[in-house]
1. Out of Arg180, Arg185, Arg101, which single residue is away from the ligand (no atom under 16 Å from the Cβ), modelled with pLDDT of 90 or more and of a type outside the set (Ser, Thr, Tyr)?
2. Quick one: what pairs do we get from segment 147-166, first residue touching a residue at least 40 places away in the same chain (Cβ under 8 Å), second part of a loop (DSSP other than H, G, I, E, B) and away from the ligand (no atom under 11 Å from the Cβ), C-beta under 7 Å, 6+ apart or different chains?
3. How many residues, within segment 57-79, are open to solvent by 30 Å² or more (accessible area, probe 1.4 Å) and not hydroxyl-bearing (Ser, Thr, Tyr)?
4. For Val197, are the conditions met, namely being over 21 Å from Ala116 (Cβ atoms), surrounded by fewer than 12 Cβ atoms within 10 Å (Cβ to Cβ) and modelled with pLDDT under 75?
5. Kindly indicate whether any position in segment 80-87 is surrounded by fewer than 17 Cβ atoms within 10 Å (Cβ to Cβ), small (Gly, Ala, Ser) and on the phi > 0 side of the Ramachandran plot.
6. Being of a type in the set (S, T, N, Q) and open to solvent by 30 Å² or more (accessible area, probe 1.4 Å) is the filter; apply it to segment 104-122 and report the residue that is nearest to the ligand (Cβ to nearest atom).
Amino acid sequence: MPSKVLPDAQAFAVFSERLKRRGFRKLSRTEFNKDFERLELIAPSSREGREVGFVFHANGLAVFVWTTFLAQESRARDKDAGWVLIKEGDEVKYFSHPLHRTKDFLHNLLGYARLAQLRVVNRPNCPECYARMDIVRGKGLKARYWKCDIPWEHKRAVSLPWDYGLPQAALDFLRLPRKRRAQYRAKLRAEGKEPGVALRHRKGWKVGRPENLVPMK
Ligand SMILES: [Zn+2]
């Protein structure tokens, strides 16, 4: 396991600037608090401070980037990992693998933020009925694909691969980490272990007031 390197305030400022240049916006304290009150969010474990998050909206989807960096204290949280999520309303449709704070942390986080942004910007329309397609879970661990399932438009659901519409540079960015994960899973299987156990057991935030969730459509 590569050693932990927490980003300092200066590196974080450069990272923030890069995200903003790409159209992301820092979540305000009000937005952060509003969701907490509206949904009565309950954290998986006690967490110190308010974490800096960024958001980008397009085509009815939103990309959230969680940085592990604490707004007031101007330093990274000691125990944590970065995340990139794609949400529709309040529903998380996709979350990245946890991004660990190694020396390449901010570079990786920026890369995955940009990747999720490209997916959202390139959200495909159904080739048969032209409706916006939805993000749905595939069979594999963390697998996703695009689907349109409007019964009065076409009898059978129409689907497109998850990477549909991504530019070559984004596919190149994904190649190495995907290869590494495939090798890691093969190694676990060879040892008789089940891959993805940690992933499935990851505890999320609890919603205390589900009646206030924003419906997807
Ligand atoms: Zn359709």
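1. Values: Arg180 fails: modelled with pLDDT of 90 or more; Arg185 fails: modelled with pLDDT of 90 or more.
Result of the check over Arg180, Arg185, Arg101: Arg101.
2. Correct list of pairs: Gly165/Asn122; Leu166/Asn122.
3. Let us first name the residues in segment 57-79 that are open to solvent by 30 Å² or more (accessible area, probe 1.4 Å), namely 57, 59-60, 64, 66, 71-75, 78-79.
Next, only the ones that are not hydroxyl-bearing (Ser, Thr, Tyr) stay: 57, 59-60, 64, 66, 71-73, 75, 78-79.
Qualifying residue count, segment 57-79: 11.
4. Values: over 21 Å from Ala116 (Cβ atoms): yes; surrounded by fewer than 12 Cβ atoms within 10 Å (Cβ to Cβ): yes; modelled with pLDDT under 75: yes.
Here the answer is yes, as Val197 does meet what is asked.
5. To start, the set of residues in segment 80-87 that are surrounded by fewer than 17 Cβ atoms within 10 Å (Cβ to Cβ) comprises 81.
Within this subset, residues satisfying the condition of being small (Gly, Ala, Ser) are 81.
Keeping just the survivors that are on the phi > 0 side of the Ramachandran plot gives none.
No, segment 80-87 contains no residue that is surrounded by fewer than 17 Cβ atoms within 10 Å (Cβ to Cβ), small (Gly, Ala, Ser) and on the phi > 0 side of the Ramachandran plot.
6. Ranking the candidates gives Asn122 first.
The values are calculated or read from the model by the stated rules, or taken from the named source; none is laboratory data. None of the values given here were measured: they were computed from a predicted structure. Glycine also receives a Cβ, built like all others from the backbone with ideal geometry; neighbour counts cover every protein chain displayed. The area values use the complete protein model at the heavy-atom level, side chains included, leaving out ligands, DNA and RNA. Shrake-Rupley method; radii C 1.70, N 1.55, O 1.52, S 1.80 Å.
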